[in-house]
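Novice: Okay, here's the structure, questions in a sec.
The values are calculated or read from the model by the stated rules, or taken from the named source; none is laboratory data. Since the structure is predicted, the reported quantities are computational estimates derived from the model, not experimental observations. Here Cβ is always computed from backbone atoms with ideal geometry, including for glycine, and neighbour counts include all displayed protein chains.
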Amino acid sequence: MTNPYVPILIMMAIAAVMAIGGVATSMIIGPKRYNRAKLEAYECGVQPTPHAVGHGRFNVRYYLVAMTFIIFDIEVVFLYPWAVAFTELAVFGLVAMMAFLFLITVPFVYEWRRGGLDWD
């Protein structure tokens, strides 16, 4: 009897060869047109400055959008098992999910009212 991990190792090896092969092919065949804009560092739309390391401040909205995305992404992940087992959970599952959705909606409404989602 063979080791059950052999197919997984073979698939990982094929994935590694495909990834490295794609990058190598791109480096060999791809165009090499460098200009000032391509060589410049990209910093989320904020122009980088020499003093930005210790003295510059990022806009808090970057972090608010990231946290909002994470919260609602996790919410959707928790909704999948509930949707699959909906008939087995009956009324308890419905009440628990409504409480969960309420607890997620309250901070969203709070952030919306404070203007955290406005990009003016």
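Novice: Look at the range 13-51 and say how many of its residues are surrounded by 10 or more Cβ atoms within 10 Å (Cβ to Cβ), part of a loop (DSSP other than H, G, I, E, B) and modelled with pLDDT of 80 or more.
Specialist: 0
Novice: Name the pairs whose Cβ atoms lie under 9 Å apart, with the first residue in the range 97-116 and assigned by TED's automatic domain parsing to the domain that holds Glu75 and farther than 25 Å from Thr87 by Cβ, the second of a type in the set (Gly, Ala, Ser) and surrounded by 12 or more Cβ atoms within 10 Å (Cβ to Cβ), and 6 or more positions between them or separate chains?
Specialist: Tyr110/Gly116
Novice: When the range 110-120 is examined, which residues are found to be in a helix (DSSP H, G or I) and either among the basic types (Lys, Arg) or loosely packed, with under 10 Cβ neighbours inside 10 Å (or both)?
Specialist: If the condition is that a residue be in a helix (DSSP H, G or I) and either among the basic types (Lys, Arg) or loosely packed, with under 10 Cβ neighbours inside 10 Å (or both), then Arg113, Arg114 are the ones that fit.
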